[in-house]
1. Among the candidates B:D270, B:D236, B:D303, which residue alone is over 28 Å from A:V77 (Cα atoms), at pLDDT 95 or above and among the acidic types (D, E)?
2. Being in contact with a helix residue (DSSP H, G or I) (Cβ under 8 Å, 6 or more places away or on another chain), within 14 Å of chain A (Cβ to nearest Cβ) and not aliphatic (A, V, I, L, M): is that true of B:N190 here?
3. Give the number of residues within region B:242-256 that are crowded, with 18+ Cβ neighbours inside 10 Å and modelled with pLDDT of 80 or more.
4. If A:A126 meets every condition in (1) within 14 Å of chain B (Cβ to nearest Cβ); (2) surrounded by fewer than 18 Cβ atoms within 10 Å (Cβ to Cβ); (3) in a loop (DSSP other than H, G, I, E, B) apart from one, which number is that one?
5. Quick one: is B:F265 more than 14 Å from chain A (Cβ to nearest Cβ), within 30 Å of B:V6 (Cα to Cα) and over 15 Å from the mean Cα position of the chain (by Cα)?
6. So which residues in region A:132-143 are surrounded by fewer than 22 Cβ atoms within 10 Å (Cβ to Cβ) and touching a Phe, Trp or Tyr at 6+ places or on another chain (Cβ under 9 Å), if there are any at all?
7. Which is at pLDDT 95 or above, over 22 Å from B:E222 (Cα atoms) and hydroxyl-bearing (S, T, Y), of B:T142, B:T129?
Amino acid sequence: MTLTESAGGRVTAEIAEQIAALNYRYAQALDDRRLDDWPEFFLDDGRYIIHPRENRDRGLEGYWIYCDSKRMMLDRVLSIKEVNLYNIHYNRRAISNILVTDAGDGVYIARSNYSIVQTNSGGRSAIFSVGAYVDQVVFIDEEPKFQEKIVIPDTFTVSPLVAIPL
Amino acid sequence: MIPYGVYIDQDIFDLEMERIFRGPTWNYLGHESEVPEPGDFVTTTVGTTPVVLNRGRDGTIHAFVNRCAHRGAMVVRESHGNTKVHTCIYHQWSYDHAGGLVGVPYRKGVHGNGGFPEDFEPKEHCLETLRLEVFNGIVFGTFSDSTPPLLDYMGTPLRERIDMLCSRPIKVTGYQRQEIRGNWKLYVENVKDCYHGSLLHSFNSCFGMFRSTQRGSAVMGEHAYHSVLTTYGVADSENVGENLGAVATHKPKFELEDSSVVDVFREHADGMVTTILTMFPGFVLAQIANHLGFRLIRPLGPDTFELVWINFEYLDDEPWQSEARRKQGNLLGPAGYLSMEDAEALELAQQAFHGEQGSGHAFIELGGREFEDQDHLVTEVPIRGFWKGYCEIMGFAAGDSGATST
C-alpha cells in the first residue's frame, strides 16, 4: 500500500473539525508528556502501529511498534515511564494537511502530515521524525476515538531511538 | 585495557576500513531471498564502501562496488530493485549484473571526433567485485584473496548455530534502521556483553524475564573474535519456553496488561530461548524468544554508525507463529523494550570519550583475563576475544595504546 489511497466520501466541516481536534489533543498530550492520556485516544481494541516508510513501500512489515489493544498501549506507557531508559529529550509535534473522508459504517479516514522536532538535554533542537498519519476514527458517545493510527515515518532511519510514541 | 582513543580517532577508523573491512574478513551482504529473481539487486555497504548485491540472468549472485569506473559516481541509486543493466546517470556508462562494463557512450567518437583511445579495453574498466560465499542462504563477501574459506573463518560454534536457525527457508519481514552517535565497535562489544543484559535492560527484570543467573553460555570456539551467547529456560519444567513468564526466576515488579508481547512458543528442544551470535567484524544473528533477525553494523565515521535490523520469519510459519513474532517485535528494534537503552548507553559512552580527549581506558575483566569459552553469563570474556582478534588484524600488539601505534 502506498500513500495514495483513494479518497472516500466527503464529510461535514464539523466532523472534520472534531477529527482535527482529536489529532491536536493527541499531539499536545504527548508533547506535554501526559503519557497516561495517550491510550485514552484509542478504542479498547484500537491499533497503534509505527510502520516505517521503507517497509510500507516495499510491502514489508518491520514495525517499530505494533499494538493491537489499548492494554498493549498501557504497557508501553508503564514501561517508558517506569522501566526503560532513553535519551533525555522533549518532542514538539506539528500536524498539518489533515484531510478526512467517510469510509462508511461510521468510520472516518484521516490522513495528515506530522513533523516532530526533538530538543535534547542541552537545549538543542533538530528534526527527529517526519511522516504521515493514516487514522481510522470512530465516534463513541459523540467523542472521536482512534480505531487505528498508523504512523508512517519518512525518517525511516531514526536517530537514535523511539521511546515516546510518535 | 582498551584505550578510549580507538573509539574516536579518525586515523584508526580509516585503518579499520582498510585492514578489517577490506581485509581478510567475511562481511554480511544480504540473504538470497532478498534477490529471488534474475536481475534483482539490493545495495549495502562493507565498511564505508558501497556495494551492490545482484542476481544474474543465470541465477548466480554477484557483488560489486557501487562506484563508476569512469569518474567515481555511485551507479545504483535505489536501495533495491530489478534491472537488466545498471547505468551511471553521469555519462551513462553501463554495467551488467556482475559489474562488467557493457556500454560506453561515444566510445569511438562522433563523426571522427573524440572517443576513447584505440587501446581502450572495457574489461579493464569493470566495477571492483567481491568474492562471495553463501551459507544457509546468507551471502557473505570479502575483498581480500587471503580470507580463509567461510566455514573455516566461522568456526564450529557459529556454523552449528547458523545451521540451527537458518537452514529452513526464510522470508525477510522488514528492515529497521537506527543512526547511533557512537563508534561501531561499541555495538560489537554490546552484543558480546553478557554483563549488561539484566542490568541496563530493566524490562527483563521488572517484568520477570531474563537474569544473569539464568543458565547460559558464551562460546567463541576456535576464533575468539566471534561469539555465540545462549540462554536457556528452566530445562526440567514442562512449561519451558511456553511463556517467558514461566522462566522467571524471581517475582517481577510489574505485570503486563497484555502478555501477548511475551507469549513465546517453544522452538528448540533444549529450551534455548536466546541466541546472540556475532561474526567479526559486523554481523549479528539474533534469536530473542521467537523474534529472529540479522543485524548489520555499518560504520559511518569514528563517531557514528548505522544499525540495520533485518527481521525474518520462516517461510513455513503458521499464521499464529508469524503473529507471535510480530508481537515480540515490540521487544527489539529502535523502540524495543529490550533494546532502546543500548543506543542511549553507547551515545553516553561516545560523548564521554570525547570529554577525555580519548585518554583513559576501559576495564574489561569480568569473568577473568583469558579468552576461554564460558559456561555462564557473568562474564565479559567475549569482549576480550573481540579485542584480541581486532589487535591481531590491525597489527596492534596487545598493550599498545593503539592511537600511537599506527
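1. On the way: B:D270 fails: at pLDDT 95 or above; B:D236 fails: at pLDDT 95 or above.
Matching residue, one of B:D270, B:D236, B:D303: B:D303.
2. Yes: the conditions hold for B:N190.
3. 1
4. If we test A:A126 against (1) within 14 Å of chain B (Cβ to nearest Cβ); (2) surrounded by fewer than 18 Cβ atoms within 10 Å (Cβ to Cβ); (3) in a loop (DSSP other than H, G, I, E, B), just (3) comes out false.
5. Values: more than 14 Å from chain A (Cβ to nearest Cβ): yes; within 30 Å of B:V6 (Cα to Cα): no; over 15 Å from the mean Cα position of the chain (by Cα): yes.
Criteria not met by B:F265.
6. First, the residues of region A:132-143 that are surrounded by fewer than 22 Cβ atoms within 10 Å (Cβ to Cβ): A:132-134, A:136, A:138-143.
A:A132, A:Y133, A:Q136, A:V138, A:F139, listed by residue number.
7. B:T129
Residues checked against (1) buried (at least 20 other Cβ atoms within 10 Å of the Cβ); (2) within 25 Å of the chain's Cα centre (by Cα):
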site	(1), (2)
B:C88	yes, no
B:H97	yes, yes
B:V104	no, no
B:R107	no, no
B:C126	no, no
B:F140	yes, yes
B:L151	no, yes
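The values are calculated or read from the model by the stated rules, or taken from the named source; none is laboratory data. This structure is a prediction, so every number in the text was calculated from the model and none was measured. All Cβ positions, glycine included, derive from the backbone under ideal geometry; neighbour counts span all protein chains shown.
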